[in-house]
Structure formats: C-alpha cells, structure tokens
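Coordinate-derived values only; no laboratory data. Since the model is a prediction, treat every value here as computed from it, not as a measurement. Positions of Cβ are generated from backbone atoms using ideal geometry, with glycine treated the same way; all protein chains shown enter the neighbour counts.
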Amino acid sequence: MNSPATKRRSLVDWFFFDWHEAGALGAVRFYFGLGLAVYLYYQFDQNLKIDAFGPHFHFTRPIWYFSLLGIDTNIPWISYLVMILLIAACLFFALGKWTKPAIIAIILGIFYMKGVRDSFSGDVHHREIPIFALLVLFFFSKCDRMFGIDARKKNLAPIEPWESSWPLRAMQVYIAMFYFWALMAKLRLSGFDWFTGGGRIQEVLISRAVRDGFTPTGEVVNLSLGWDLAQVPGLVWFFGALVFAFELFFPLILLVRDWRLKLIALLGATCFHLANYFLMNVQFFLYPFVFVTFFNMNVFHDWLMGKLRLRKAGRAAAT
Amino acid sequence: MTSKQSAKRFLAVYFVIFFGAIFLRVDYFPLSWVPMYGYHVTGPDVTVAIGNKDERERGFAAQRANGQRLYVSADDLGVPNANFRRLYHQRAFNNGPPQDDRERAALMSFNRWWYETLVGPDPRLDRRYADQLLVSVNKTFGYGKADPRRIVRLEASLDFASFEHADVAVGNLSRPRIQRRTAIITEQGSFLRKGDVTTPMPRRSERGAVE
C-alpha cells in the first residue's frame with residue numbers, strides 16, 4: 001500500500017515527468033528560439049527608431065538595475081549592436097549551437113534593451129518577464145542535448161523522456177499561471193470594480209483611442225475599432241467577463257493531454273492577445289509563440305519535414 | 001539535473017522564487033506579480049488626454065536662460081516617439097508611470113512593511129516627474145546650472161476630455177468636457193494652467209485615467 005508521501009511523490013512525477021517525449025524539449029527549443037528572435041526584435045525595435053549617433057538622452061527614470069549600475073544615459077548605437085547580438089544569440093539558441101552561452105547572451109541582451117526602452121520615461125513593461133522565466137528553465141535543462149548542431153556534431157547521447165518533460169511542464173505552469181495571477185492582481189487591486197460596467201477595459205479603450213487625437217472629420221486617428229467598442233458598454237462588459245473566465249480557468253490546460261484540445265485553448269488565448277493589440281495596442285500580440293512549449297514539437301517537426309519531402313519529391317517527379 | 005530528485009528540488013526553488021514574488025507583490029523585472037492593467041479606480045468621470053501628433057512632433061515649447069525661445073522635440077533629445085509621447089502626455093503633467101500608482105495600492109500590512117523598509121516611501125506622496133523631465137533635458141544637452149543656454153522653462157499643451165460617468169456607462173462619448181491644459185515646468189517648480197488659472201502642479205493627488 002502506498003503511504004501518503006509516496007502518493008504525493010507519484011503525483012509530482014505524473015505531473016512533471018510523465019508528459020512529453022524525449023525529443024520534445026529540443027524541438028521546442030528550436031521553434032521557441034525562432035519565435036523569440038522575432039518577438040524580441042519587435043519588443044525592442046523602438047530603441048532603434050532614433051539616430052544611432054544622435055543625442056545621448058539622460059534617462060528620466062532609469063530601471064532599478066540601471067540605477068544600481070550607474071547607467072543613466074542612452075548611447076543609441078549600443079542598442080543597434082546589442083540587437084544584432086541578441087538576434088544572433090536567439091538563432092544560435094534555436095539551432096542548438098553554443099546553446100547555454102546563447103541563453104546567457106539573450107538574457108543579458110534582454111536586460112540591456114529592456115533597460116534602455118523602459119528608462120526613457122520610466123514605464124516598466126511586463127512583456128519580457130515570462131520570457132526570462134522560460135529561459136531560466138531552458139538553461140537548467142538538457143535542451144542542448146538533442147535537436148541541435150552541437151548534439152549532432154558531438155554525437156551526444158539522447159536524453160530520457162522525464163528530462164525533456166519537467167522543463168516543458170514547468171514552462172507550461174508558468175505560462176498558464178501568468179494569466180491566473182493577472183486575474184488575482186486585478187482582484188487584489190481593484191476588486192470587481194475592474195469588471196463593473198465597462199470597467200477598466202472601457203477606460204483603456206477610450207484613452208488609447210484618443211491618444212493620437214482626431215482627424216479633421218472627427219474620427220480617431222488610430223484604434224477606431226477600440227473607440228467604437230467603447231461605445232457599446234454591454235459588449236465591453238461581455239469581453240470583461242470573458243477575460244475573467246479565461247484567466248480563471250486557463251490553468252486547467254495543464255491537465256489536458258490531447259493536443260487538439262490544447263490547440264483550441266491556445267487559439268483562444270491567441271485571439272485574446274490579438275484582440276488586445278487591435279483594440280488597445282497592447283504589444284503582447286506575438287507572445288503566443290511561447291505556446292509551442294505545450295506540444296510535442298518533435299512530432300510536429302517530423303510531420304512538417306515529411307510534408308516538405310513529399311512536396312520536393314513531387315516536384316522532382318514532375319520535372 | 002541528473003536525477004528526478006534534483007529536478008524536484010530545482011522546481012521547488014524556482015516556483016518559490018517566481019510565485020513568492022506574487023505573494024509579496026514584487027514588480028521589479030525579472031519578477032512580477034503580473035498587475036499590468038489591474039489598477040482601476042472608478043471616479044466621477046473619465047478624463048483622458050487627447051493627443052495631437054503635430055504638436056507632439058513639434059515638441060516642448062522651451063525657453064533658455066538667455067531668453068531664447070525654441071522647441072525641444074523627440075529628435076532633439078534622441079527619444080523614441082512612444083517614449084516621447086509618455087514624456088509629453090504624462091510626465092510633463094506630473095503623472096508617473098502606472099507601476100508607481102499601483103505599487104502601494106491596497107497592500108496588506110506585511111507587504112507595506114517590506115516596501116517601506118526596503119524600497120522607501122510611496123512614490124505617490126512626492127511626485128516630481130515634471131521636474132525630473134527638465135533635469136533630463138538639460139543633462140541631455142550638456143547644459144550646466146550656470147549655462148546661459150540651459151533650458152529654464154518647458155511647456156506642453158494638451159486638450160483633456162472628461163466624460164461623465166453616467167455617459168460612459170451608456171456608451172455616449174459624444175459630449176465630453178474639453179479643457180486645454182498646459183504643463184509649465186520651470187527651475188522654480190512645475191505648474192498647471194487650466195484655462196486662465198495657473199496652479200502649482202499637484203504632488204500628492206491620485207492620478208486620473210491618463211494613459
């Protein structure tokens with residue numbers, strides 16, 4: 001008979017170690033790395049929208065680690081250099097070449113580029129927080145042992161399924177709980193006021209829509225869809241209720257094994273991010289690339305390669 | 001991790017750190033309790049800044065110590081447009097970044113204790129965002145305190161629209177109260193002009209729904 005301690009251990013084993021195939025971690029690293037390059041470029045391209053050799057702005061409110069390090073001025077050309085290194089590091093990470101050093105380079109690049117972007121005016125954005133947490137897991141996992149250049153060249157021994165499974169499951173927990181904590185934060189700060197009537201969503205819709213003003217004909221310059229939506233409070237409330245339900249129940253995805261069900265849930269989450277972007281210009285729209293962590297991407301990769309090989313063979317036969 | 005046991009220990013530490021931050025309401029990168037757009041105070045009305053791209057591109061109306069008048073734009077300062085919008089719309093009007101507004105809101109006593117002990121006083125109690133802007137501008141240009149070229153006055157003008165809560169509740173955004181406001185930032189302090197009335201910039205009040 002199992003003791004309670006054994007049962008607890010078994011539950012942890014079931015949850016973290018018994019979920020993915022051995023090849024999944026490396027394949028996720030590959031697709032995650034490619035997505036990360038695009039995601040980070042869009043997060044930080046703002047730093048490149050100034051003259052590389054122009055004025056050195058003295059930050060109004062340096063982010064905390066810039067304050068500690070005494071970095072109080074932007075030297076624009078450094079951002080151009082760091083961006084090149086950051087994207088290169090993402091590609092090395094994706095391809096499994098110098099994987100662990102590449103993770104450190106990405107983290108340092110994120111710290112620098114985020115520091116610059118957020119220190120101009122002091123608004124500290126949250127879009128890199130999950131990325132950092134996931135990179136920590138990649139770093140401490142054996143993500144470099146399969147599906148990469150180094151693994152192939154050095155002929156590394158394959159990893160066990162449990163070694164692939166726990167980092168991916170931990171990533172999924174972090175991602176799923178990120179939504180749940182966001183709901184808790186709303187309730188801790190604002191209670192149900194956040195959702196009452198149009199609530200906070202309606203307020204953001206209005207303020208975002210008018211921040212670039214109106215055209216001579218009285219239309220808002222940007223985000224007209226958000227402006228229109230703000231005038232239908234019932235619909236705004238409905239979307240608020242959807243947000244509540246989505247953020248409350250999203251962690252249930254952690255108990256789903258069927259990839260089709262997961263895909264449906266994650267497509268819903270993707271719609272949520274895209275709607276936030278189109279209605280309020282919330283820049284999380286490329287964030288859904290992190291959802292590759294929920295799947296056995298090695299299976300997807302084999303399927304994709306099979307399709308490509310078939311297509312190539314078909315073309316060769318035709319010629 | 002070479003064994004399941006070491007992986008479990010790592011996961012325990014990992015989640016204690018990342019989820020511990022949620023309990024403690026830490027919001028310093030790379031930790032966060034994910035508050036983002038969570039702060040909402042229902043006021044008597046919803047007041048928002050109506051941007052004007054042309055005015056913003058022209059920049060702050062400025063005056064040097066030697067009396068010369070000029071405009072200070074995003075390009076002059078080397079600031080990306082999105083950040084310059086925040087400087088122009090928010091900091092100039094002494095509104096801080098959202099994290100300053102929500103950091104100490106509705107804190108439980110233990111979290112209030114550690115914030116006040118380790119971080120310092122509530123940033124809402126002594127807001128000097130507008131003053132910081134003037135300091136940044138002069139430091140960016142390399143002007144010292146006695147330099148006659150130094151900027152001694154910055155002005156940002158914006159229309160603000162106030163929507164009655166009753167109107168917002170029924171989706172009627174057609175009749176806002178529009179008011180022209182000008183932020184005036186000088187070495188002697190910052191001021192807010194509404195219509196013909198100029199008053200010192202509020203340093204302690206709650207911020208409106210200005211994004």
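What the table below lists for this structure:
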{"item": "Positions within the range A:220-243 being in contact with a helix residue (DSSP H, G or I) (Cβ under 8 Å, 6 or more places away or on another chain) and either in a loop (DSSP other than H, G, I, E, B) or hydroxyl-bearing (Ser, Thr, Tyr) (or both), in sequence order", "result": "A:Val221, A:Asn222, A:Leu223, A:Ser224"}
{"item": "Candidate set: the range A:132-167, residues that are within 22 Å of the chain's Cα centre (by Cα) and farther than 19 Å from A:Ile106 by Cα; chosen: the one nearest to the other protein chains (Cβ to nearest Cβ)", "result": "A:Trp166"}
{"item": "Any hit, the range B:111-126, residues being touching a residue at least 24 places away in the same chain (Cβ under 8 Å), within 16 Å of the chain's Cα centre (by Cα), assigned to a helix (DSSP H, G or I) and within 22 Å of A:Asp72 (Cα to Cα)", "result": "yes"}
{"item": "The range A:74-87, subset within 11 Å of chain B (Cβ to nearest Cβ) and buried (at least 18 other Cβ atoms within 10 Å of the Cβ), residue nearest to A:Leu34 (Cα to Cα)", "result": "A:Ser79"}
{"item": "Any hit, the range A:140-157, residues being assigned to a helix (DSSP H, G or I) and closer than 22 Å to A:Leu286 by Cβ", "result": "no"}
{"item": "Among (1) within 23 Å of the chain's Cα centre (by Cα); (2) surrounded by 14 or more Cβ atoms within 10 Å (Cβ to Cβ); (3) touching a residue at least 24 places away in the same chain (Cβ under 8 Å) - the single one B:Gln63 does not satisfy", "result": "(1)"}
{"item": "Residue satisfying condition, being away from every other protein chain (no Cβ under 14 Å), hydroxyl-bearing (Ser, Thr, Tyr) and surrounded by 11 or more Cβ atoms within 10 Å (Cβ to Cβ), within set B:Thr198, B:Thr117", "result": "B:Thr198"}
{"item": "Cβ-Cβ under 7 Å pairs, at least 6 apart or on other chains, the range B:19-31 side farther than 17 Å from A:Ile131 by Cβ, far side surrounded by 15 or more Cβ atoms within 10 Å (Cβ to Cβ) and among the aromatic types (Phe, Trp, Tyr)", "result": "B:Ile22/A:Trp181; B:Ile22/B:Trp33; B:Arg25/B:Trp33; B:Val26/B:Trp33"}
{"item": "Lone unmet requirement of (1) in contact (Cβ under 8 Å) with a residue 24 or more places away in the chain; (2) more than 27 Å from A:Leu40 (Cβ to Cβ); (3) basic (Lys, Arg) for A:Arg309", "result": "(1)"}
{"item": "Evaluation of A:Gly96 against (1) surrounded by 22 or more Cβ atoms within 10 Å (Cβ to Cβ); (2) within 12 Å of chain B (Cβ to nearest Cβ) (one fails), failing number", "result": "(2)"}
{"item": "Selection count, the range B:133-172, where residues are part of a loop (DSSP other than H, G, I, E, B) and crowded, with 18+ Cβ neighbours inside 10 Å", "result": "2"}
{"item": "Candidate set: the range A:276-298, residues that are of a type in the set (A, V, I, L, M) and touching a residue at least 24 places away in the same chain (Cβ under 8 Å); chosen: the one nearest to A:Arg211 (Cα to Cα)", "result": "A:Met280"}
{"item": "Within the range A:41-61, considering residues that are without any contact (Cβ under 8 Å) to a residue 60 or more places away in the chain and assigned to a loop (DSSP other than H, G, I, E, B), the one nearest to B:Leu77 (Cα to Cα)", "result": "A:Pro55"}
{"item": "Every residue from the range A:219-259 that is within 21 Å of the chain's Cα centre (by Cα) and of a type in the set (Asp, Glu)", "result": "A:Glu247"}
{"item": "Residue list for the range A:185-200, filter: more than 7 Å from chain B (Cβ to nearest Cβ) and either surrounded by fewer than 19 Cβ atoms within 10 Å (Cβ to Cβ) or β-branched (Val, Ile, Thr) (or both)", "result": "A:Leu187, A:Gly191, A:Phe192, A:Thr196"}
{"item": "Elements of type strands (runs of 3 or more DSSP E) in the range B:1-108, at least 3 residues being hydrophobic (A, V, I, L, M, F, W, C) and more than 9 Å from chain A (Cβ to nearest Cβ)", "result": "B:60-64"}
